[in-house]
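Below is one structure; the comments refer to it alone.
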Amino acid sequence: MGLFTDPSGKWSGFTDRTKYVSDFKTELVKDQNGKTRKKVTYHGEWTVLKDTGTATLVKFIAAAVLAVLNGVFLVWTMLTTHASCGSYLVIVPLAAALFPSLYLLYGAAALPYRRQPMRRDQYMHSITRMQRSSLGAGVFELAAILMSFLYRILHSDWTFLTGDRPFLVRIAVTVACCAGILILFRSIDTDEKPNEMYGSEIKTRLF
C-alpha cells in the first residue's frame with residue numbers, strides 16, 4: 001500500500017499508510033501456472049449507499065463541482081488586492097483554508113461515482129473526507145470575512161475601496177460552496193454491512 005494507492009494498488013489520492021491496514025490481509029497463493037503471487041483480501045466492514053440511483057450520482061457530481069469552484073474562488077481571492085489583504089487577520093485564515101480545500105478536491109476525486117459497496121478506507125477518503133474538509137474550509141473562509149470587517153473596525157475606516165466588494169463576494173461564494181457540499185451529503189444515507197455479506201475479495205461494483 002503506497003502513498004498514492006490503496007491496498008489493491010489503485011489510485012486513491014493521499015491515503016494513510018497504516019490507518020486502515022488492519023482491514024486487509026495479504027496472502028501468498030499459487031495461480032494456474034503454479035507461480036506464487038500476492039493476494040490482497042479485505043476483512044473490514046463495507047459501507048453501502050441506501051440509494052444508488054441517479055439522484056445520488058447527481059449529488060456526487062454536484063459536490064465535486066462545488067469543491068472545484070471553492071478552490072478556484074479561494075485562489076482567485078488570494079491573488080487579488082483589497083483594503084485588508086495586507087493584514088494577517090485576513091491572510092492567515094485564507095491560507096489555512098487552502099489545506100482543507102485541497103483535501104476537498106482529493107475527496108471529490110475519490111467519490112464512489114460507480115463504486116458500490118465501499119470499503120471503510122474508500123468511504124473515509126471520499127465522503128467523510130469531503131464532509132470534514134468542507135466544514136474546515138468553510139470555517140476558515142467565514143473567519144476571513146469576519147476578520148476583514150474587524151480590520152475595518154480597528155482602523156476606523158468603513159470606506160469600500162476598489163477590490164473590496166469583489167473580495168467579499170468571492171470569499172462568500174467559497175463559503176456557499178462548502179455549505180452546499182455539507183447539505184448535499186446530509187441527505188445521503190449509508191449502512192454498514194459485515195464482511196461476510198460481500199466476501200473478502202478486493203472488488204468494485206457499478207451503480
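The values are calculated or read from the model by the stated rules, or taken from the named source; none is laboratory data. Fair warning: this is a prediction, and the values are worked out from it, not measured in the lab. Every residue, glycine among them, receives a Cβ derived from its backbone with ideal geometry; neighbour counts consider all protein chains shown.
For the stretch 62-81, the set of residues classified as surrounded by fewer than 19 Cβ atoms within 10 Å (Cβ to Cβ) and either of a type outside the set (S, T, N, Q) or within 20 Å of Ala108 (Cα to Cα) (or both) consists of Ala62, Val65, Val68, Leu69, Val72, Val75, Trp76, Met78, Leu79, listed by residue number.
Of all the listed residues (Lys35, Lys25, Lys59), the sole one being modelled with pLDDT of 75 or more and buried (at least 17 other Cβ atoms within 10 Å of the Cβ) is Lys59. Can you tell me which residue is nearest to Ala64 (Cα to Cα) among those in the stretch 102-121 that are modelled with pLDDT of 85 or more and in a helix (DSSP H, G or I)? My answer is Ala108.
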